[in-house]
1. From the backbone phi of the stretch A:363-380, what are the Karplus-calculated ³J(HN,Hα) couplings (6.51 cos²θ - 1.76 cosθ + 1.60, θ = phi - 60°) in whole Hz, Gly and Pro given as x?
2. Determine the total buried accessible area between chain A and chain B, counting protein heavy atoms only with a 1.4 Å probe; round to the nearest 100 Å².
3. Dimensions of the protein assembly as shown along principal axes (Cα, Å, largest first)?
4. With a cut-off of at most 15 other beta carbons within 10 Å, and DSSP calling the residue loop, which GluC sites (Glu not before Pro) in the stretch A:55-153 qualify? Please list them.
5. Would you mind computing, in nm to one decimal, how far apart the modelled labels at A:Val301 and B:Ile34 are, each placed 7 Å from Cα along Cα→Cβ?
6. Let a ≥ b ≥ c be the square roots of the eigenvalues of the Cα gyration tensor of the stretch A:104-221; is it rounded (a/c under 1.5), or, if not, prolate (a/b larger than b/c) or oblate?
7. Would you calculate, for chain B, the mean residue ellipticity at 222 nm contributed by helices, counting each DSSP H stretch of 4 or more residues as -39,500 (n - 2.57) and dividing by all residues, to the nearest 500?
8. Which value, in Å² rounded to 10, gives the accessible area of A:Asp78 with a 1.4 Å probe and all protein chains present?
Amino acid sequence: MADKMKKIFSFDYSKKIGILVKKKKNFLVLEETFDLRNLNEIEFMDRLEKLIKKYKSILSVEFENFINQEIALPPIKDKKTKEFVLKNKLSAHIEKNKNYKFIPIPERNIENKIFYNVYAVPLEILFKNIKIDIELKKKLQKFSLSQFSLLGISNHLFHQKNVFHIYSDDKSMIITVSQGENLKYTRVVDLPENLEPNQLTNIYYENINLTYQYVIQNKAKNIDLILFSGKLSENKEVVEMSYNFLKKPVAVIFKESLIKNCDKEIFNNFIIPIGNIFVPELYNLLPDEFIENKTFNKILVAANFILFIGIIFGVYYQYSEFNNLQKKLSILDKKHRIIKEEIQKFKQSYRFKIEDIDFYAKYFSVVSYTKEFSTLAFIKEIKNLISGTEIQKLNIEKKDGVVILKINAKKQFSNLNDFINFKEKIKAFVAKLSSNWEINDRTRFNFEKLEIIIDLSLMKNTGVML
Amino acid sequence: MRYLLYILQIVFLAFLIIGFFAVSEVNKEINSKISKINQEKIEFEEVKEKLLSLEKQVQKLKIKPVNKQEALNLIINKANFFLKTQNAKVVEDIKDQNQTLSITMMINIPINSKKQVEKLLKNLNNSKYPIIEIENFEIKSGETKTFLKIIFKLIQIYKV
């Protein structure tokens, strides 16, 4: 497919000959030639349509009756506007009902005006003269004239030189005068049939000479070189005469500079289809909408390509994600199995049955309750306070998580010093207890009798219940 | 033909997108399962740890589960002991609640020495089978003697 895309099919519709080439950077490689002259009309159309369908294709026809005028325009950027203005300016020359393709070639600038050498080619030559299916016409890469094909070769080989290019085959002789992409003049001379070689040479020379004189007087002052192609390149007499009388360098085309894998005879016969490939885009006679349509298609193809890449990435991503999932699933499965096995193993190795565990759990909860909530511990907590006193009443009561401690005790002192010390001791102790307990302190200090009567009530809500 | 291909591609892409969401959903699900299983593993380790420490403690204390009859015997024996040695009285009859037998008793005796009190308290505190929970503890000095009053509960868990 990709290989096919690089191949170009170029066809001279008027002469029914064409070539299939591979396009390299600077030259062509001939793949196949097509000579459809011997086919009948139906066979010819059939064959041609198949070829156009299959390859990127370029078509050219021989056509003379285009309009060539010099027109001065102010600078106009917009293509459509320019076309409209051109159409108006050329209205005296063109037919109103016909569509034209305009080829404006800027020649020179004078006082803010651009002088164009304008060619107006009626589009009916594409729509009427060419009989192939309209869809295939839309598929064409290029459509041009035989004259433009010669310009393509001159431009490709000699760039900015003024080239006087003379081509001939059995039926006609075409002369183009061009500099780069600028076609300055062109004419087609039909050759009468059944002429003696001598007469033919005269006709050739006569036309060359006349055209040359006209061109240097009216179209191009300076000709750099005279180029012969097609059948004429074999005609030494005409080449020599031209050199002697016109006094300009003459040249024939070195075929290797255009196309490889092509012998001399074929090369001379297929100059027009070869030249078609070098025709500048400016001379592409396809209507704008055909070209735009192609651009749109290209964008569509590009978008499609991106979509395709996206899909490939998507599929790849999905695939790798799916693999990931599978891996994760197997990890999950493994973990599940391991933990199950571990539990099973532990179950088997553990001494106690579930009822035993239940029993022990209850047992230890009661034990821890009694430990945490131990009467002995409460007594220890207040031991420092009551030691050395005369206890009248000590009560510890536990109910519903609430502990109430009541202390009534008495102490008699023999000196004030001890009395005060003990008083301070009690106060410090009560202060310390107050962080854990709610305290009701009614302790009395009798200085006269040096007697302390401890009357404390402590309460704590532990929240712990059996 | 070409447009059909485009449409097919778009449909395919749509499927891919749906697939993408489906996969990410399943992925989420699996991730949550994995984290759940990890959590379960941690919980299992914790339970295992607790059960092992329970085993150790049981070994240390040398206790074993008793049935209801045995529990009743244990409680009655202990109660008898207090009735005989400490002149105790039953305050509340035997209760059977939540796999637990309990009986509430009271001791009310004159205190001869501090040691006597300490010994009794230790005795009550150290009892494992049944466990003894002191509900009320009171020391009160009368005119001639100081009295000790303790209300306590004998508690024995049994296995069903």
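1. Once rounded to whole Hz, the list reads 4, 5, 5, 5, 4, 5, 5, 5, 5, 5, 10, 7, 4, 4, 5, 5, 4, 4.
2. About 5400 Å² of accessible surface is lost on pairing.
3. 172, 63, 44
4. Values: sites: A:Glu62, A:Glu64, A:Glu70, A:Glu83, A:Glu95, A:Glu107, A:Glu111, A:Glu124, A:Glu135; in loops: A:Glu62, A:Glu64, A:Glu95, A:Glu111.
Those satisfying the criteria are A:Glu64, A:Glu95, A:Glu111.
5. 4.5 nm
6. oblate
7. -20500 deg cm²/dmol
8. 80 Å²
The values are calculated or read from the model by the stated rules, or taken from the named source; none is laboratory data. Small disclaimer: the values here were computed from a predicted structure and weren't measured. A quick note on method: Cβ atoms are made from the backbone with ideal geometry, for glycine too, and the neighbour counts reach across all protein chains shown. Quick note on the areas: whole protein, heavy atoms, side chains included, nothing else; ligands and nucleic acids left out. Shrake-Rupley method; radii C 1.70, N 1.55, O 1.52, S 1.80 Å.
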